Amino acid sequence: MSEIIEKMKESRSLTAADANRLVRETNGHAVPDMDTEAGILQWVAREYGVQYSELEGEDIDREVLKLFPARILIKEELLPLRRSGNSVEVATSRLFDTQGLDTLKVLTGLTLNPVLVPGDIIRREIKERLGVGADTIDSLKDDEAFQVIDEDNLDENDLDKAAEDASIIRFVNQVLSDAIELRATDIHLEPFEHELQIRYRVDGLLLEIPVPPEIKRFQPAIVSRIKILSHLNIAEKRIPQDGRIKLKLKSQEVDVRVSIIPMLHGEAVVMRLLRQDGTVLSLDRLGMGEREKKLFREILAMPHGIFLVTGPTGSGKTTTLYTALSEINDKVRKIITVEDPIEYQIKGINQIQVSDKTGLTFAAGLRAILRHDPDVILVGEIRDQETARIAVQASLTGHLVFSTLHTNDAPSALTRLIDMGVEPYLVASSLEGVLAQRLVRVLCPKCRQADQSDKTRALKHQFGIAPDDTVFKPVGCQECRNTGYRGRQAVFEMMALSPAIRQLILQSCSSNQIKDLAINEGMGTLAEDGWRLVREGITTPDEVLRVTKGELSRKA
């Protein structure tokens with residue numbers, strides 16, 4: 001409590017006299033709800049007769065924003081809200097720090113009326129309304145000495161100089177830190193004829209990030225700055241290039257994989273963010289159902305065999321596999337992985353990075369691993385016949401092998417291996433289990449609401465959800481950036497290989513025949529696991545329909 005008051009006194013959100021009075025009164029419990037900035041600002045608003053707001057549903061006039069320099073608004077954390085005649089209401093959290101307001105008054109000649117708003121809300125709204133890096137672009141516009149013209153007419157030295165400009169460096173840093181703060185997995189910089197679009201992939205979906213329209217002028221310098229960070233050739237603009245950046249933000253290490261491809265209106269950039277924070281979920285926290293968890297643990301206890309995790313790119317396969325490795329990571333077993341890229345670094349596990357440039361492919365790495373006396377092997381992905389055959393041979397010679405495949409469901413993994421050229425009898429004898437998974441977005445616990453719509457009632461009836469079970473819908477709030485969701489959780493389909501399923505493999509039966517038998521033996525489908533999460537209030541029917549659409553159409 002006193003710590004919040006001290007911070008607000010330092011930022012001039014409170015006067016020293018008010019701070020002392022608050023400390024005295026709160027010690028005697030005379031003032032309730034004084035443990036947050038919002039609570040204290042409401043008290044200040046009452047004491048000084050100033051309006052207080054949290055900007056919920058506030059319609060901010062963008063024309064009013066254009067009256068003020070972005071760099072001053074961002075530096076002083078001021079947000080103009082609306083204009084009435086010669087007066088403008090301005091959101092601030094620092095009522096007694098008048099320097100920013102005085103500067104804006106002198107620049108515009110307008111009367112400014114403060115509205116007290118918590119600082120984190122102002123910062124979020126400024127970023128949303130003005131765009132990422134608005135202060136940087138504002139300063140570049142004022143710097144007539146710095147100009148970016150047609151990229152094709154710039155030689156390497158000119159482009160290098162532009163990319164090293166302090167404002168461009170600051171803008172790229174802002175984009176990267178903003179994406180990390182939003183838990184983004186990818187950053188997309190997409191050039192179009194009249195704009196440079198920036199989008200982040202958050203919780204599996206692309207989210208367009210507002211940026212100043214003038215950003216298009218500085219596109220070549222921005223791309224060149226990213227190339228410099230990635231150790232790429234800034235003069236090469238005709239062919240795709242791949243690189244990587246190592247970042248550290250607030251003690252969190254982030255590995256950034258950079259891909260640059262020439263497009264019609266310039267070079268497009270995609271950056272994949274891989275957090276190296278060393279935190280890996282335990283099996284109990286993955287969110288599996290009891291049956292799947294029990295089967296998973298039985299497979300982890302086996303001395304040899306292959307276990308596959310299937311699903312599309314970005315469905316959490318690597319996280320699941322590393323959770324499995326963490327469960328069996330002890331001092332009596334040697335675990336070696338060959339991956340591209342290495343997404344987690346775990347103490348006690350030997351990891352190999354695939355490198356096509358040096359000829360270290362999955363197959364070559366797997367062959368080398370077998371000479372290092374491993375007990376457990378993880379192959380990042382089975383991409384070709386050679387890797388599949390070596391993985392099968394490794395499992396038959398006493399190793400427990402984990403890997404991933406890109407298939408729609410668990411039974412399809414069996415036929416995919418056979419299509420790759422692995423003999424059915426080898427698949428039947430080596431494979432122990434297959435886990436298919438998808439990621440659904442998790443409802444924001446702060447704003448979710450019960451869904452009583454006719455559509456939801458019909459879905460409850462169709463998929464066996466009890467009428468009195470509460471199904472929730474997304475709403476949207478400040479906590480989840482008005483998306484209604486925060487974070488993701490996997491839905492699973494676990495198939496253990498019974499003698500009957502192995503017999504179907506030997507007979508080269510289709511994946512649909514294998515699936516029917518697996519379901520009869522108790523396998524739950526991806527869709528059924530999704531409806532379990534709906535019943536538990538974790539996700540929504542729309543999310544389950546989105547990620548298991550093919551599954552539902554077969555079931556309906």
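Readers should treat all values here as calculations from the given coordinates under stated rules, not as data from a laboratory. Since this is a predicted model, take the numbers as computed values, not measurements. Using ideal geometry, Cβ is built from the backbone for each residue, glycine included, and neighbour counts are taken over all protein chains shown.
A few comments on the model shown:
- The chain: Cys lacking any partner C-beta under 4.7 angstrom: 509
- With Cα atoms defining each centre, segment 232-274 and segment 503-548 are spaced 38 Å apart in the structure.
- Measuring max minus min along each principal axis, the C-alpha atoms of segment 287-342 give extents of 32, 30, 19 Å (largest first).
- Kirkwood hydrodynamic radius of segment 308-391, from the reciprocal of the average inverse Cα-Cα distance over all distinct pairs: 13.3 Å.
- Cut-off under 5 Å, modelled amide H: who pairs with residue 399 long-range: 305
- Restricting the trypsin sites (Lys or Arg not before Pro) of segment 342-412 to loop positions (DSSP other than H, G, I, E, B) with no more than 11 neighbouring Cβ atoms within 10 Å leaves 347.
- Table column - 3J(HN,Hα) (Hz), segment 525-537, Karplus curve with 6.51, -1.76, 1.60, x for Gly and Pro: 7, 4, 5, 5, 5, x, 5, 4, 5, 5, 4, 7, x
- Computed from the C-beta positions of residue 206 and residue 96, the FRET efficiency with R₀ = 56 Å rounds to 0.85.
- Each of 499, 531, 475 was scored by the projection of its Cα onto the charge dipole of segment 464-556, and the greatest displacement toward the positive side belongs to 475; charges sit on the C-beta of Lys, Arg, Asp and Glu.
- Tail beyond 18 Å, pair distance distribution of segment 361-484 (Cα, percent): 65 percent
- When the P(r) is computed for segment 1-133, the part past 27 Å accounts for 21% of the Cα-Cα pairs.
- Beta bridges per DSSP, both residues in the chain: antiparallel share near 65 percent.
- In loop segments of segment 191-248 as defined by DSSP, the GluC sites (Glu not before Pro) with at most 10 further C-beta atoms inside 10 Å of their C-beta are 193.
- Mean-position separation - Cα centroids, segment 460-480 and segment 52-66, in angstrom: 32 Å
- Directionally averaged projected area (convex hull, Cα atoms, segment 248-358), nm²: 10.4 nm²
- Filtered trypsin sites (Lys or Arg not before Pro), segment 166-220: DSSP coil and at most 15 other beta carbons within 10 Å: 183
- Amide proton proximity set for residue 431, modelled H, under 5 Å, gap of 5+: 306
- Hydrodynamic radius of the chain by the Kirkwood approach over all distinct alpha-carbon pairs: 27.3 Å.
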